[in-house]
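**Q** Could you have a look at this structure, given as structure tokens, before my questions?
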Amino acid sequence: MENQNEQQLNIELSEEIADGTYANLAIITHSPSEFVVDFINVMPGLPKAKVKSRIILTPQHAKRLMKAMVDNIKKYESAHGTIQDQEPVTVPMNFGGPTAQA
């Protein structure tokens, strides 16, 4: 018998957030206490791009997100085929701290 005292988490998704925000570049910086992921929309031929969304995670949540992404990419590829890597983006990646591109 399952534990009937388990709490359910009700997650609300507003109409505005449900529309989503397109991003084709993520810049990741970190400190000892947090990971900051900036999602950016880079348009070809334009010299300027704006951060569309910033997500701040604890290191533990960042690692959980990484594992969830790896799991979901494996599931996607098993259903739809291998995702082909594209050419690396050539924009400055150093914004004052350790960075990685995703």
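The values are calculated or read from the model by the stated rules, or taken from the named source; none is laboratory data. Values in this document were obtained by computation on a predicted structure and should not be read as measured data. Please note: Cβ atoms are built from the backbone with ideal geometry, for glycine as well, and neighbour counts cover all protein chains shown. For accessibility, only protein heavy atoms count, side chains too; no ligands or nucleic acids. Shrake-Rupley method; radii C 1.70, N 1.55, O 1.52, S 1.80 Å.
**Q** Condition (residue is open to solvent by 60 Å² or more (accessible area, probe 1.4 Å), out of contact with any Lys or Arg (no Cβ under 7 Å at 6 or more places or on another chain) and at pLDDT 95 or above) applied to segment 85-96: is it met by at least one residue?
**A** no
**Q** Give the residues of segment 33-60 that are touching a residue at least 12 places away in the same chain (Cβ under 8 Å) and loosely packed, with under 10 Cβ neighbours inside 10 Å, sorted by residue number.
**A** Ser33
**Q** Now a separate question. Go through (1) more than 24 Å from Asp85 (Cα to Cα); (2) surrounded by fewer than 13 Cβ atoms within 10 Å (Cβ to Cβ); (3) not aromatic (Phe, Trp, Tyr) and name the single condition Lys63 misses.
**A** (1)
**Q** Follow-up. Need pairs with beta-carbon distance below 6 Å; first residue open to solvent by less than 100 Å² (accessible area, probe 1.4 Å) and within segment 1-25, second among the aromatic types (Phe, Trp, Tyr) and at pLDDT 95 or above; sequence gap 6+ or separate chains.
**A** Ala23/Phe39
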